[in-house]
Amino acid sequence: MPRPTKRAPERGNARQRLLEAASEAIRAKGYAATSVDELCRAAAVTKGSFFHHFASKEALGVAAANQWTEATTAFFAAAPYHAPDDALDRVLAYVAFRKSIIAGDLAAFTCLAGTMVQEVYASSPAIRDACAESIFGHAATLEADLGDAMRARGIAGDWTAESLARHTQTVIQGAFVLAKAGNDPALARESLDHLDRYIRLLFGLGGPNTEQASS
């Protein structure tokens with residue numbers, strides 16, 4: 001998802017400014033490296049105001065993940081990949097759309113939930129569960145189209161629409177990790193090209209991103 005527009009300190013309430021500051025900072029350098037003092041400075045609020053709105057840094061993390069879920073749900077619901085009439089075309093358009101928004105610096109397109117859960121999955125079950133709701137909830141939005149595409153093409157096997165939907169998120173979150181490791185967004189876009197090829201192969205399609213084997 002593209003980086004949200006920063007609010008000027010005088011705009012919005014303190015809680016919202018803190019959540020926006022958290023989304024910026026955590027995606028840029030991680031949860032552990034983001035301090036309460038830093039967030040207060042970025043949001044132009046006092047530490048007392050922080051603890052008025054959030055009982056702890058962990059509570060802020062949960063709220064930030066929940067807000068991320070709400071914002072990304074709306075963002076993807078309005079995205080153009082829903083337009084094609086054919087279900088498989090919608091799935092492939094989703095992959096293409098995800099590739100198209102991998103642009104700018106790493107913090108601008110990587111996932112807040114994916115970033116946080118890698119750090120806190122063992123130390124903060126509350127944040128882990130909020131991040132899981134975001135990631136698995138987004139995966140679930142693909143299940144209906146994948147199921148329709150399987151039925152339309154008579155696809156059956158030891159995998160399901162649900163498992164393939166989850167796999168798309170495995171690739172996307174892994175692509176973000178590779179991009180961070182290599183400090184290169186092109187590595188993430190490359191992974192989305194492979195996801196496109198994989199889905200086409202599962203459904204017996206060729207296409208511009210699939211090399212046809214010579215006989």
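The values are calculated or read from the model by the stated rules, or taken from the named source; none is laboratory data. Note that this is a predicted model, so its numbers are computed, not measured. Backbone-built Cβ (ideal geometry, glycine too); neighbour counts: all protein chains shown. Accessible surface is based on the protein model in full, side chains and every heavy atom, while ligands, DNA and RNA are left aside. Shrake-Rupley method; radii C 1.70, N 1.55, O 1.52, S 1.80 Å.
Scanning the range 151-176 for residues that are without any contact (Cβ under 8 Å) to a residue 40 or more places away in the chain, outside any loop (DSSP other than H, G, I, E, B) and out of contact with any helix residue (DSSP H, G or I) (no Cβ under 6 Å at 6 or more places or on another chain) yields 151, 163, 167, 170, 174.
I'm trying to understand the selection: among the residues of the range 176-195, which are among the aliphatic types (A, V, I, L, M) and either open to solvent by 80 Å² or more (accessible area, probe 1.4 Å) or within 16 Å of residue 97 (Cβ to Cβ) (or both)? Working first, answer last.
Let us first name the residues in the range 176-195 that are among the aliphatic types (A, V, I, L, M), namely 177-179, 181, 186-188, 192, 195.
Hits for the range 176-195 are 178, 181, 188, 192, 195.
Residue count for the range 72-83 under the criterion of being open to solvent by 40 Å² or more (accessible area, probe 1.4 Å) and part of a helix (DSSP H, G or I): the result is 6. Checked against the criterion of being within 21 Å of residue 81 (Cβ to Cβ) and either basic (Lys, Arg) or loosely packed, with under 15 Cβ neighbours inside 10 Å (or both), the range 121-139 contains one or more residues that satisfy it.
Can you report the number of residues in the range 84-109 which are in a loop (DSSP other than H, G, I, E, B), at pLDDT 95 or above and in contact with a Lys or Arg (Cβ under 8 Å, 6 or more places away or on another chain)? Before the answer, list the steps.
Looking only at the range 84-109, we keep the residues that are in a loop (DSSP other than H, G, I, E, B), and these are 84-86, 101-105.
Checking the rest, the ones that are also at pLDDT 95 or above come to 84-86, 101-102.
This time we only want the ones that are in contact with a Lys or Arg (Cβ under 8 Å, 6 or more places away or on another chain), so: 84, 102.
Residues flagged as in a loop (DSSP other than H, G, I, E, B), at pLDDT 95 or above and in contact with a Lys or Arg (Cβ under 8 Å, 6 or more places away or on another chain) within the range 84-109 amount to 2.
Every condition in (1) more than 20 Å from residue 65 (Cα to Cα); (2) in contact (Cβ under 8 Å) with a residue 12 or more places away in the chain is met by residue 127 except one, and the failing one is (1). Residues in the range 6-55 that are modelled with pLDDT of 95 or more, farther than 20 Å from residue 131 by Cβ, open to solvent by less than 40 Å² (accessible area, probe 1.4 Å) and part of a loop (DSSP other than H, G, I, E, B): 45 alone.
For residue 153, are the conditions met, namely being on the phi < 0 side of the Ramachandran plot, open to solvent by 70 Å² or more (accessible area, probe 1.4 Å) and in contact with a Lys or Arg (Cβ under 6 Å, 6 or more places away or on another chain)?
Numbers: on the phi < 0 side of the Ramachandran plot: yes; open to solvent by 70 Å² or more (accessible area, probe 1.4 Å): yes; in contact with a Lys or Arg (Cβ under 6 Å, 6 or more places away or on another chain): no.
So residue 153 fails the test.
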